[in-house]
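One structure is given here, and the rest of the page talks about it.
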Amino acid sequence: MSAIEQAELENFSADWRDFPVLNRALTSRLQSDGIEVEWDDKRVSHYHFLWLRDNCPCPQCIHPGTREQIFEIIDVPEDLRAETAELKGDELLVRWQDGHESAYGTGWLRAHSYDSESRQERQQTLRTANVWKTDLAIPTFDYKAVMSEDQALLQWLLAVRDTGLTLMTGMPTTEDIMEQVAHRISFIRESNFGTLFEVRTKVEAVNSNAYTSLQLPAHTDLPTRELQPGLQFLHCLVNDATGGESTFVDGFAIAKAVREQSPEDFKLLTEVPVSFRNKAPQSDYRSYAPIIGLDARGEISEIRLANWLRAPFDVAGADMPAFYRAYRRFFALTRDPAFIVSHRLAAGEMWCFDNRRTMHARNAFDQTSGMRHLRGCYMDRDELLSRILVLQRTC
């Protein structure tokens, strides 16, 4: 964890001025459009007047209880200037033209500096997923420890976040257990399959191939939604049927491989939207998005793909052959043994994985050979990330 991240965690409930002073501010200088601060490591940070005024931490501008902003920058002139600026101890004291006074902790100022060096430093602290292939040692966690120890819970959630695939063992095989484990994190996300769903064969499987005994190719769940569920839980109650092994591939690793093998194919898969649809008697869900999603930094952030739920490609005629080439390249890699991790889930075990990253599949099974019953539910990534941050403040 970086010093900036640690400072934010340790000072969540404290005043904005109380960030640890990791670098000493040596001098401050008033300039025509802002205030310049020189630090003891020779870095120089420039803070524009409007930026400083917008972030004044005084009780008139920030509610002391909620820590949410009251002040709105539109309420001061666009050409607002500071009359004075003075470093006093670990604070920068600013007096504005309209008489308002602000005091900024230098630790907070350094943590939020937006000079090029500071911004680059913060970018480097952002988490980048470590991709994996068939040799992954699946992170495995004990049910009793996770349910009773916050540190064990934190380690499990960090593995879900960073690896995208985890296995929990030692779980009871009663129907209420998975929900209890999920609630150790946060709220369960309801879908058209319900709050909790049962994965077993049905006489009439009208809304998902998962309710058949067919082989399921690598996919993400609910690509038909504007926002796919971030996490998926699958708890095994009974698995006496022949076959039905679970297989997984890291969609980020496959996207990375496509990017390296063919930048042109990668570009198509990140820019050309695909229509996904799921129609049932009481619902009709549709989405329109690329197979590979990128975040604001251009990093791979999401995979969206379920072959049986996609509509015919709607691509310009001249581009259709190239798009099929890209699509086939991606899909072929999901079948490459070099990327596949396989495990036959046993009663009392549970998968928890990142559904927007880790593509899961299932081998066909013989439904006449024995019972097979899994229970599942979904949760959004936001709930996972929030719980991690809270645990990091307390563990």
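The values are calculated or read from the model by the stated rules, or taken from the named source; none is laboratory data. All values derive from a computational prediction rather than experimental measurement. Reconstructed Cβ throughout: ideal geometry from the backbone, glycine too, with neighbour counts over all protein chains shown.
Thr84 fulfils the conditions (1) under 26 Å from Arg297 (Cα atoms); (2) assigned to a strand (DSSP E or B) except for a single criterion, (1).
The C-beta contact set for region 280-302 (first residue loosely packed, with under 12 Cβ neighbours inside 10 Å, second residue polar (S, T, N, Q) and in a strand (DSSP E or B), distance under 9 angstrom, 6+ apart or interchain) comprises Asp284/Asn278; Asp295/Ser301.
Go through the residues of region 165-185 one by one and say whether even a single one is surrounded by fewer than 15 Cβ atoms within 10 Å (Cβ to Cβ), at pLDDT below 95 and farther than 18 Å from Arg372 by Cα. No, region 165-185 has no match at all. If you check Arg200 against the conditions, is it of a type outside the set (Val, Ile, Thr), touching a strand residue (DSSP E or B) at 6+ places or on another chain (Cβ under 6 Å) and modelled with pLDDT under 95? For Arg200, the condition - of a type outside the set (Val, Ile, Thr), touching a strand residue (DSSP E or B) at 6+ places or on another chain (Cβ under 6 Å) and modelled with pLDDT under 95 - is met. Restricting region 123-133 to residues that are farther than 15 Å from Gly298 by Cβ and surrounded by 16 or more Cβ atoms within 10 Å (Cβ to Cβ), the residue that is modelled with the lowest pLDDT is Val131.
Could you please let me know if Gly251 is touching a Lys or Arg at 6+ places or on another chain (Cβ under 8 Å), surrounded by 15 or more Cβ atoms within 10 Å (Cβ to Cβ) and not aromatic (Phe, Trp, Tyr)? Step through it out loud before you land on a result.
Values: touching a Lys or Arg at 6+ places or on another chain (Cβ under 8 Å): yes; surrounded by 15 or more Cβ atoms within 10 Å (Cβ to Cβ): yes; not aromatic (Phe, Trp, Tyr): yes.
Against the criterion (touching a Lys or Arg at 6+ places or on another chain (Cβ under 8 Å), surrounded by 15 or more Cβ atoms within 10 Å (Cβ to Cβ) and not aromatic (Phe, Trp, Tyr)), Gly251 qualifies.
Kindly establish whether Ser102 is over 23 Å from Arg119 (Cα atoms), touching a Leu at 6+ places or on another chain (Cβ under 9 Å) and not hydrophobic (A, V, I, L, M, F, W, C). Break it down into steps so the answer makes sense when it comes.
Working: over 23 Å from Arg119 (Cα atoms): yes; touching a Leu at 6+ places or on another chain (Cβ under 9 Å): yes; not hydrophobic (A, V, I, L, M, F, W, C): yes.
In short, yes.
Scanning region 26-77 for residues that are surrounded by 15 or more Cβ atoms within 10 Å (Cβ to Cβ), over 33 Å from the mean Cα position of the chain (by Cα) and of a type in the set (Val, Ile, Thr) yields Ile35, Val37, Val76.
Taking the criterion of being closer than 21 Å to Gly376 by Cβ, in contact with a helix residue (DSSP H, G or I) (Cβ under 8 Å, 6 or more places away or on another chain) and of a type in the set (D, E, K, R), the only residue of region 303-354 that qualifies is Asp354.
For region 37-54, residues that are out of contact with any helix residue (DSSP H, G or I) (no Cβ under 8 Å at 6 or more places or on another chain) and under 25 Å from Gln97 (Cβ atoms) total 7.
Somewhere in region 94-101, is a residue in contact (Cβ under 8 Å) with a residue 60 or more places away in the chain and surrounded by 15 or more Cβ atoms within 10 Å (Cβ to Cβ)?
No.
Tallying residues that are touching a residue at least 60 places away in the same chain (Cβ under 8 Å) and either within 16 Å of Gly107 (Cβ to Cβ) or not assigned by TED's automatic domain parsing to the domain that holds Thr106 (or both) within region 29-69 yields 5.
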